[in-house]
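Participant: Can you keep this structure in mind? I'll have questions shortly.
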Amino acid sequence: MESLTGTITDQAPANPAATDDMLATQPVGYWCGLTHTTVTRHLRDAMAKVDVTQPQYWVLNRVNGGPTAPSREEVVTQLTHLADGPHEIARAIDQLLHREWLRNDDGQRLHLTDAGETARVRLRELATELRAVVHQGISDEEYVAALKVLRKMVANVERDGTPGNPS
């Protein structure tokens, strides 16, 4: 594969102790995976302390957002790609209905109850606090630059025509 910059950087094995001058050789997949695992665990552990799961939080936010109340099927379809399994969002909806944080109307559309809205706001505050911990020492500009780089990497791979990669 030809490099867009004209130079090819050697790919070294993942090394959690890599010094700054070695980072260009590190595999992005390792560091993205480690980041995902660590940040997700941090968030889920904090939510577990208030007896909520991350998928429940996603559902509360999805039911809250939008011009019309979504159906169960719409929420499942829209959030399943984020979940750890195909049934996790449906379970979260059932848990929230049981908890009476959600209710169904006559048309089987989902709505937040007052308790559900209170929980959603509380969880949003918790997520904001956790974000501050994760972003400590990182400016918004650095964060945006990192996401732009990751977004570009995804675009590069998605248009790569080699076998096994979508074109």
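The values are calculated or read from the model by the stated rules, or taken from the named source; none is laboratory data. Here the structure is a predicted model, which means the values were calculated and not measured. Note: ideal-geometry Cβ built from the backbone for every residue, glycine included; neighbour counts use all protein chains shown. Just so you know, the surface numbers come from the protein's heavy atoms only, side chains and all, with ligands and any DNA or RNA stripped out. Shrake-Rupley method; radii C 1.70, N 1.55, O 1.52, S 1.80 Å.
Participant: Checking residue 96 against (1) over 21 Å from the mean Cα position of the chain (by Cα); (2) in contact (Cβ under 8 Å) with a residue 12 or more places away in the chain; (3) at negative phi: exactly one of these is not met. Which one?
Facilitator: Among (1) over 21 Å from the mean Cα position of the chain (by Cα); (2) in contact (Cβ under 8 Å) with a residue 12 or more places away in the chain; (3) at negative phi, the lone unmet condition for residue 96 is (1).
Participant: Would you pick out the residues in segment 92-126 that are part of a helix (DSSP H, G or I), buried (at least 16 other Cβ atoms within 10 Å of the Cβ) and among the hydrophobic types (A, V, I, L, M, F, W, C)? Spell out how you get there, then give the answer.
Facilitator: Our first condition is that a residue be part of a helix (DSSP H, G or I); within segment 92-126, this holds for 92-98, 114-126.
Now drop any that are not buried (at least 16 other Cβ atoms within 10 Å of the Cβ), which leaves 92-93, 95-97, 116, 119-120, 123, 126.
Those that are part of a helix (DSSP H, G or I), buried (at least 16 other Cβ atoms within 10 Å of the Cβ) and among the hydrophobic types (A, V, I, L, M, F, W, C): 92, 93, 96, 97, 119, 123, 126.
Participant: Going by what's in this entry, would residue 51 be described as out of contact with any helix residue (DSSP H, G or I) (no Cβ under 9 Å at 6 or more places or on another chain) and either exposed (fewer than 13 other Cβ atoms within 10 Å of the Cβ) or of a type in the set (D, E, K, R) (or both)?
Facilitator: Values: out of contact with any helix residue (DSSP H, G or I) (no Cβ under 9 Å at 6 or more places or on another chain): yes; either exposed (fewer than 13 other Cβ atoms within 10 Å of the Cβ) or of a type in the set (D, E, K, R) (or both): yes.
So residue 51 fits the description; yes.
Participant: Separate question: Given (1) open to solvent by 40 Å² or more (accessible area, probe 1.4 Å); (2) free of Cβ contacts under 8 Å to residues at least 40 places away in the same chain; (3) within 20 Å of the chain's Cα centre (by Cα), identify the lone condition not met by residue 133.
Facilitator: Against the list (1) open to solvent by 40 Å² or more (accessible area, probe 1.4 Å); (2) free of Cβ contacts under 8 Å to residues at least 40 places away in the same chain; (3) within 20 Å of the chain's Cα centre (by Cα), residue 133 comes up short only on (2).
Participant: So, one more: For segment 54-91, name all the residues that are open to solvent by less than 20 Å² (accessible area, probe 1.4 Å) and assigned to a helix (DSSP H, G or I).
Facilitator: Selection gives 55, 56, 59, 60, 63, 75, 79, 89.
Participant: Applying the selection to segment 26-43, what residues are touching a residue at least 24 places away in the same chain (Cβ under 8 Å), over 16 Å from residue 83 (Cβ atoms) and under 13 Å from the mean Cα position of the chain (by Cα)? Step through it out loud before you land on a result.
Facilitator: The first filter runs over segment 26-43 and keeps only residues touching a residue at least 24 places away in the same chain (Cβ under 8 Å), leaving 28, 32, 39, 42-43.
Checking the rest, the ones that are also over 16 Å from residue 83 (Cβ atoms) come to 28, 32, 39, 42.
Once the filter is applied, which keeps residues that are touching a residue at least 24 places away in the same chain (Cβ under 8 Å), over 16 Å from residue 83 (Cβ atoms) and under 13 Å from the mean Cα position of the chain (by Cα), segment 26-43 yields 32, 39, 42.
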